[in-house]
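Single-structure report; data block below.
The values are calculated or read from the model by the stated rules, or taken from the named source; none is laboratory data. Owing to the predicted nature of the structure, the values given are computational and were not obtained by experimental measurement. Cβ: placed from backbone, ideal geometry, glycine included. Neighbour counts: every protein chain shown. Remember, those area values only see protein heavy atoms, side chains included, never the ligands or the DNA or RNA. Shrake-Rupley method; radii C 1.70, N 1.55, O 1.52, S 1.80 Å.
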Amino acid sequence: MTTGFTYEINPGRILFGPGTVDAVASEIERLGAKRALVLSTPFQRADAQRLAEQIGALAAGVFSEAAMHTPVAVTLRAMAAFEAAGADCLVALGGGSTIGLGKAIAWRNDAPQIVVATTYAGSEVTPILGQTEDGVKTTVRDRKILPEVVIYDPTLTVGLPVAMSVTSGLNAMAHAVEGVYAKDRNPVSSLMAVDGVRALRDALRVIVKDPGDLRARTDALYGSWLCGSVLGTVGMSLHHKLCHTLGGSFDLPHAETHAIMLPHSAAYNAQAAAVELQPLADLFGGSIGGGLYEFARSLGAPLALRDLGLRESQLDLAAGLAVKNPYWNPRAVERDAVRALLQRAWEGTRPE
Ligand code: NAD
């Protein structure tokens with residue numbers, strides 16, 4: 001049954017398909033810009049340099065110091081490089097870390113951004129920036145943060161290692177799972193969520209066997225676009241709060257933490273949001289928590305927080321932090337129930 005809703009659409013231009021990376025130069029011109037600073041992590045520096053060569057005179061240089069959690073110190077160095085190079089726009093080539101750096105610069109100077117997305121995390125289609133300073137991670141939401149152009153070229157994801165493809169894909173699915181029961185969901189965000197999860201489910205099954213399968217890579221990127229768009233449109237709940245806590249306070253890795261937590265947080269909300277979750281549960285054999293757990297296991301995903309280095313003695317603190325500030329969730333966020341959820345996720349046992 002459709003009831004009332006508010007749907008705020010994020011503006012953005014999406015170029016999707018094999019070979020679309022060749023359009024970076026024409027997209028810079030289309031934005032009316034002349035000199036792009038190309039951003040990457042140190043790991044993808046060679047790719048960024050190749051891209052800078054490809055766009056020729058429109059490249060102002062390469063800044064390849066992007067790092068996880070967008071440290072403000074790195075952003076300030078990148079802004080100095082932007083000024084020194086006389087740049088007037090940004091091209092971010094990479095996953096959430098590099099995209100975060102581009103967003104952090106654009107939030108400060110409103111430079112237009114072109115993102116060439118190479119993971120499934122989904123940051124490229126959200127107006128959200130998470131950044132860290134003095135060990136504290138804060139989140140801002142602002143129209144200036146949303147990239148103007150996103151290029152999804154699946155040929156650039158063929159080399160994404162299988163383990164990262166799996167955890168990044170589950171990270172994307174988490175946006176969709178929380179999206180279907182979001183308080184501010186709308187019919188379009190729910191359609192995107194279900195088709196995004198379906199596309200990623202089918203694609204990841206192929207990718208773990210044949211990472212070079214371009215059709216599966218294309219479907220996975222399509223799914224990640226849809227799931228990221230859900231994240232950019234509606235509010236998130238318990239799952240994202242738990243992952244934010246585990247990443248921010250215990251330094252657990254982003255995608256792996258999402259991958260481990262998803263079956264447990266989905267199971268926590270399974271009954272309270274049974275109607276909304278049903279189309280997703282149907283994609284995993286009828287049970288959202290157990291089904292996602294079996295799916296993750298079949299892909300060889302990490303299943304236990306203890307394998308990420310979290311100590312059992314830290315679970316009490318994690319539960320306390322995750323319930324400290326009230327936020328909306330379909331089921332009441334109760335400390336003891338959250339502590340029990342964390343215990344199962346720590347041990348890696350199948351959720352009920
Ligand atoms: P990442 O960007 O940190 O990438 C991990 C590593 O993989 C890096 O070394 C990167 O260079 C490399 N890599 C990326 N693409 C590759 C490819 N195709 N082939 C080979 N190597 C590749 O990982 P991520 O999971 O995409 O991003 C995580 C970060 O993004 C976190 O800080 C998270 O908070 C943030 N994030 C933000 C949002 C948002 O909306 N603001 C959404 C999702 C994630």
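Miscellaneous remarks
- The lysines whose alpha-carbon is closer than 20 Å to the alpha-carbon of LYS103, local same-chain residues fewer than 8 away aside, are LYS34, LYS137, LYS144.
- Using a Förster distance of 51 Å, the FRET efficiency for PHE5-ASN109 (Cβ separation, nearest 0.05): 0.90
- Calculated mean residue ellipticity, 222 nm, the chain: -16000 deg cm²/dmol, from DSSP H runs (n ≥ 4) at -39500 (n - 2.57) each, averaged per residue and rounded to 500.
- Shape metrics for the chain, restricted to C-alpha atoms - Rg then Dmax, Å: 19.6, 59
- Estimated D of region 112-169 in µm² per second, where Rh is the Kirkwood radius over Cα pairs and Stokes-Einstein applies at 4 °C, 1.567 mPa s: 100 µm²/s
- Calculated FRET efficiency for the pair ASP210/ARG50, C-beta based, R₀ 25 Å, to 0.05: 0.50
- Net +/- balance of residues flanking VAL72 in space, Cβ distance below 9 Å, scoring K and R +1, D and E -1: -2
- Taking every alpha-carbon pair under 8 Å whose residues sit at least 6 apart, region 162-347 reaches a relative contact order of 25 percent.
- Each Cα pair under 8 Å and six or more residues apart adds its separation to the average, and for the chain the resulting relative contact order is 15 percent.
- Relative intensity of region 166-279 on a log10 scale, I(q)/I(0) at q = 0.16 Å⁻¹, equals -0.70, per a Debye sum over C-alpha point scatterers of equal strength in the absence of solvent.
- With protein chains left intact and a 1.4 Å probe, residues in region 226-352 average 40 Å² of accessible area per residue.
- For the pair GLN343 and GLU312, label points projected 7 Å from Cα toward Cβ lie 1.0 nm apart.
- Extension gain, VAL72 back to THR138 (0.36 nm per residue minus Cα-Cα distance, nm): 22.7 nm
- Along the chain, longest interval not containing exposed trypsin sites (Lys or Arg not before Pro), exposed being DSSP loop plus at most 12 other Cβ atoms within 10 Å: 1-182
- In Å², nearest 10: area of SER26 left accessible to a 1.4 Å probe: 60 Å²
- Between ARG35 and GLU294, the modelled labels are 5.9 nm apart [label points 7 Å from Cα along Cα→Cβ].
- Length-normalised contact order of region 13-157 in % [C-alpha pairs under 8 Å, at least 6 apart]: 28 percent
- Carbon and sulfur %, accessible surface of region 189-235 computed with the full protein complex present, 1.4 Å: 57 percent
- Each Lys or Arg adds one and each Asp or Glu subtracts one; over the other residues with Cβ under 14 Å from the Cβ of ASP195, this totals -1.
- Gyration tensor (Cα) of region 1-76, equivalent ellipsoid semi-axes in angstrom: 30, 20, 13
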